[in-house]
Amino acid sequence: MLYSEKVMDHFANPRNVGEIADADGVGEVGNAKCGDIMKMYIKVENNIVTDVKFKTFGCGAAIATSSIATEMIKGKSIDEVLKLTNQAVVEALDGLPPAKLHCSVLAEQAIKSALADYYKRQGIDPTPIVGEIGECESCHI
């Protein structure tokens, strides 16, 4: 399985790792059976994601997708963040092997889960934001 230089860089030197103690939104997705679990923390000010951190338990591709996804949303408006797709994450990493594409889906879902949590804390119904979170395709569970 070959990984791009960007995947290897974000795996070896992940950006924005950690927790935000007073986060405005926290999202956790993944599956313990599959082994990939992502937790995203966001700070929001004036509708802008001012800070984002992640903790990921998983393979190199899961860590790399978490890392680049945080870079892609930091400083962006909530509307822009909501448009982030797993395909954009894959493209930013110069591709992923087919067996690892589910990691990019988890990164997108973790961010949207954190946004849904942010909206819940604001007293806004998050239903339109977070669709059904699917199971890990590579594990067939």
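Quick note: the coordinates plus some simple rules give every number you see, no bench work behind them. Predicted model, so just to flag it, every value in this text is computed and none were measured. Using ideal geometry, Cβ is built from the backbone for each residue, glycine included, and neighbour counts are taken over all protein chains shown.
For segment 42-54, the criterion of a residue being touching a residue at least 12 places away in the same chain (Cβ under 8 Å) and within 21 Å of P97 (Cα to Cα) is satisfied by no position. Condition check for T50 on (1) closer than 24 Å to G35 by Cα; (2) among the β-branched types (V, I, T); (3) touching a strand residue (DSSP E or B) at 6+ places or on another chain (Cβ under 6 Å): one failure, at (1). A Cβ distance below 9 Å, combined with a sequence gap of six or more or placement on separate chains, defines the contacts here; from segment 1-16, residues that are touching a residue at least 40 places away in the same chain (Cβ under 8 Å) reach residues that are among the acidic types (D, E) in the pairs S4/D94; E5/D94; K6/D94; V7/D94; H10/E71; R15/E71; N16/D51; N16/E71. Residue count for segment 1-35, restricted to those that are out of contact with any helix residue (DSSP H, G or I) (no Cβ under 7 Å at 6 or more places or on another chain), within 19 Å of K120 (Cα to Cα) and surrounded by 16 or more Cβ atoms within 10 Å (Cβ to Cβ): 2.
For segment 15-34, give me the residue count where each residue is acidic (D, E) and under 15 Å from the mean Cα position of the chain (by Cα). So the answer is 2.
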